[in-house]
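Step one of this worksheet: look at the structure below.
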Amino acid sequence: MNLVFASRAARRLLGLAAALALAGAADAAQLYTQVQPGAQVSFQARQMGVAMKGHFATVQAQVRFAPADLHASQVRVAVACSSIHAGGSQADSLLRGPDWLDAKAHPQALFVSTGFTADGPGRYWVDGRFTVRGTTHPMRVLLLTHPAGADLAMDVDFRLDRASYGVGGGSWADTSVVSGEIPVHVHLLVAR
């Protein structure tokens, strides 16, 4: 009797282990491709020591993210430079102008990934190329992911060295007037 009970228990345990293994394989095979509305790119700066915040109203993203297949994963984020909002029409007009983003000549800021590397649960280094004002440099950012209901939240924080991209020319090039590094935050929600 004990052997029969032990045999049943062993089968149940093996069945449970197999179900968990299949669930784990299904999670590992997840592919996120549907960027949900509300993609956000925001930034902060200091002008003469005073904090200023802003964001871009128009952000387009394309994502193919498979945690189990990072070699096939890709992300592309494009920001419409003319959609900048930084607290008022005068500031917005200045930032869209030729000394800053030069939105007429360079309508988009663009990040395109070239590779992903895992760095622990929900952490990935993303290598790519970042273009602002027609200037492109390699960039490496840390992508943090976490579940958000049925979706996956993707967050990146990085610092834009504005001199490297020619952002803030003329009298604005002086980093004692406006900080030389601009903290930027990117937030995406992606569904399967």
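Where a number appears in this text, it was derived from the coordinates with a stated rule and is not lab data. As the structure is a computational prediction, the values presented were derived from the model and not from experiment. Using ideal geometry, Cβ is built from the backbone for each residue, glycine included, and neighbour counts are taken over all protein chains shown.
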Just rank His137, His106, fewest to most, by other beta-carbon atoms within 10 angstrom. His137, His106
Show me the trypsin sites (Lys or Arg not before Pro) within segment 67-122 that DSSP assigns to loop and that have at most 15 other Cβ atoms within 10 Å of their Cβ. Lys104
Surrounding charge for Ala86, neighbours by C-beta under 11 angstrom, Lys/Arg +1, Asp/Glu -1, total +1
Order of Arg46, Arg123 - criterion: other Cβ atoms within 10 Å of each residue's Cβ, fewest first: Arg123, Arg46
9 Å beta-carbon shell around Gly166, net charge (K/R +1, D/E -1): +1
When Lys and Arg each count +1 and Asp and Glu each count -1, what net charge do the other residues less than 9 Å away from Pro138, Cβ to Cβ, add up to? +1
Segment 45-163: Rg/Rh from Cα coordinates, Kirkwood Rh? 1.01
